[in-house]
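First the structure, in the form of structure tokens, and then the observations on it.
Quick note: the coordinates plus some simple rules give every number you see, no bench work behind them. Keep in mind that what you see is a predicted model, and the values were worked out from it rather than measured. A quick note on method: Cβ atoms are made from the backbone with ideal geometry, for glycine too, and the neighbour counts reach across all protein chains shown.
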Amino acid sequence: MKPDHIHKMQNQFDELAQEHPDEPKVEFWFARDLQKPLGYARWENFLTAIQRAIESCKSTGYEVEHHFRGVTKMVPLGSGSERPVNDFMLTRYACYLIAQNGDPRKEPIAFAQSYFAVQTRKQELIEERMELLRRMEAREKLRASEKTLSENIYERGVDDPGFARIRSKGDAALFGGNPTQAMKEKFGITKTRPLADFLPTLTIAAKNLATEMTNHNVQQADLRGEPSITREHVQNNTSVRQMLGERGIRPESLPPAEDIKKLERRVKREEKKLEKDAGRLPEKGDKA
């Protein structure tokens, strides 16, 4: 997502923020105001997302009424009169839970997951968190594709040490002749930690693409045995390296990234802190 698009969306969400007269320090948003900016065309579909968020709030042990408040809003009609509609007042934490229960492939949802998680309204912090989430998502995809490959080749006569050798030779093809251990030594990574936990998002995505290609071709061609599967995996990593090279990118020259395990722990700490920092909706009637 481009910075100018992020800036535009940030301004939109900022303008929709409300302050309660009884609790001016507690920001809140009306659900119906957020419906379209979050990409929901129908209220019924958005209501389903809200209900999932409420269940998430319950499961973490927090009081739903502190963050979700059902209210009645008066909306204007074309005739000049008004009619009541059901709505929700939502704290920042409630909005975050709704975004978490949405589809992160949709740009508004991906943006909202970071916007509502960041207490300050600095665009650079929102962008930083969005990049963090992209890296975590890429790493999870690679975990899944490598697990699938391990299972596929186990059925075809390759044991765990064989899988490690195949992966290392694939890394050598991707990283210009540097196998897995050589890249770990270059980045100062201990033997017990996966190389991918310290790679930037681009390199993780490159490894995942090569692994998915190997998975596909192993199944399509019914490849069996370590030698044939190794050749396939090396060829796929070589192809990905060539594609990156055409854009002037050498994976082995990219600097390592921060330990993804530390980032995951930081995200969890921030989520716990978010509920407290978001404040609580005042206990008032149901009129908005």
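Details
- 11 Å beta-carbon shell around CYS57, net charge (K/R +1, D/E -1): -2
- Using a simple spin-label model with pseudo-atoms 7 Å out from Cα toward Cβ, ILE249 and GLN219 lie 2.5 nm apart.
- Cβ-derived FRET efficiency at R0 22 Å, ASN86 paired with ASP277, nearest 0.05: 0.20
- Cross-linked pairs LYS191/LYS276; LYS184/LYS268; LYS2/LYS186: Cα-Cα separations exceed 30 Å for LYS191/LYS276; LYS2/LYS186.
- Mean residue ellipticity (222 nm) of the chain, computed from DSSP H runs ≥ 4 via -39,500 (n - 2.57), nearest 500: -19500 deg cm²/dmol
- Extension gain for SER239 to ARG42 (0.36 nm times residue separation, less C-alpha to C-alpha distance): 66.5 nm.
- Evaluated over the Cα positions of segment 46-90, the convex hull gives a direction-averaged projected area, one quarter of its surface, of 3.5 nm².
- The orientation-averaged projection of the convex hull spanning the C-alpha atoms of the chain amounts to 19.2 square nanometres.
- Restricting the GluC sites (Glu not before Pro) of segment 34-83 to loop positions (DSSP other than H, G, I, E, B) with no more than 14 neighbouring Cβ atoms within 10 Å leaves GLU63.
- Model label zone, ALA164; criterion: amide N under 17 Å from point 7 Å along Cα-to-beta-carbon; scope segment 190-224: 190-197
- Taken along the Cα-to-beta-carbon direction at a fixed 7 Å, the label points for THR60 and ALA17 span 1.8 nm.
- In segment 211-288, trypsin sites (Lys or Arg not before Pro) in a DSSP loop with at most 12 other beta-carbon atoms within 10 Å: ARG247
- Cα gyration tensor category, rounded, prolate or oblate, for segment 1-96 with a/c compared to 1.5: rounded
- Shape summary of segment 189-288, radius of gyration then Dmax from alpha carbon positions: 22.0, 71 Å.
- Compared with the rule-of-thumb size 2.2 N^0.38 Å for a compact globular protein, segment 135-257 has a Cα radius of gyration ratio of 0.99.
- Solvent-free Debye scattering, log10 I(q)/I(0), computed from the Cα coordinates of segment 108-202 at q = 0.10, 0.25, 0.26 Å⁻¹: -0.40, -1.27, -1.33
- Two-site FRET efficiency, SER228 against GLU264, from Cβ-Cβ distance with R₀ of 30 Å, rounded to 0.05: 0.25
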